[in-house]
Amino acid sequence: MNKTRVRQLWFAATLLLSLVLMLVPLPGPLTSYKPYWPALVLLYWCLQSGDRVNLGMAFCLGVGADLFDGMLLGEQALRLTAMVFIALRFRSRLRFFPMWQQTLAVLGFLLNDRVLLLLVRVLGGDPLPPSDFWISPFVGAALWPFLFLILDDLRARLRIHEA
């Protein structure tokens, strides 16, 4: 298999894995601690390979996530597209941040995602969510360094480097 094909398969596999992880159920009290996996994986690819991730791909992944999760069609597509837009805008700076600053930036992205989710749901007629609604972005930010290092290490082991 040529390197381009391996890169494409690795990219698609990580995105598919993020959708599968999104579907993994957690026990009732732990549900609010579940990170938003598609956002974290898309952020990784935005930082590592900005030319591979674009707004259309983020929108398609979001629609797929909506279909997988049974949510309002377009809700996650809107959230992921907004996040990728901002991440690509600041990609050149974010790539060279130390890990602790990247983690804070990821927290900002995930909190922004929660604000968008809150707006969509409240404008859709849902009541305000409980306070544990805001825990997930902090869990995702805490997992960011580990996720980044694991994906980066696997990418290096597979010798997948961007051209």
Using the charge dipole of the chain (Lys, Arg: +1 at Cβ; Asp, Glu: -1 at Cβ; taken about the Cα centre), state which of P35, L9, A87 has its Cα farthest towards the positive end. L9
In Å², and per residue, what accessible area does the chain have when probed at 1.4 Å with the other protein chains present? 56 Å²
What translational diffusion coefficient, to the nearest whole µm²/s, does the chain have by Stokes-Einstein, given a Kirkwood radius computed over alpha-carbon pairs, a temperature of 4 °C and 1.567 mPa s viscosity? 79 µm²/s
Total charge dipole magnitude, the chain, about the Cα centre, Cβ charges on Lys, Arg, Asp, Glu only, Debye to nearest 20: 660 debye
Value at 222 nm in deg cm²/dmol, rounded to 500, when DSSP H runs of n ≥ 4 in the chain each add -39,500 (n - 2.57): -23500 deg cm²/dmol
Would you list I150, I86 from the most to the least accessible area, probe 1.4 Å? I150, I86
Carbon and sulfur: what percent of the chain's accessible surface (1.4 Å probe)? 69 percent
For region 20-57, list residues with backbone N below 17 Å from a point placed 7 Å from the Cα of R91 toward its Cβ? 39-57
Rounded FRET efficiency, nearest 0.05, which uses the C-beta distance separating D132 from N54 and R0 of 41 Å: 0.75
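The values are calculated or read from the model by the stated rules, or taken from the named source; none is laboratory data. What you see is a predicted model, and the numbers here were worked out from it, not measured in a lab. Note that we place each Cβ from the backbone using ideal geometry, even for glycine, and neighbour counts take in every protein chain shown. Heads up: the accessible areas ignore ligands, DNA and RNA and are worked out on the full protein's heavy atoms, side chains in. Shrake-Rupley method; radii C 1.70, N 1.55, O 1.52, S 1.80 Å.
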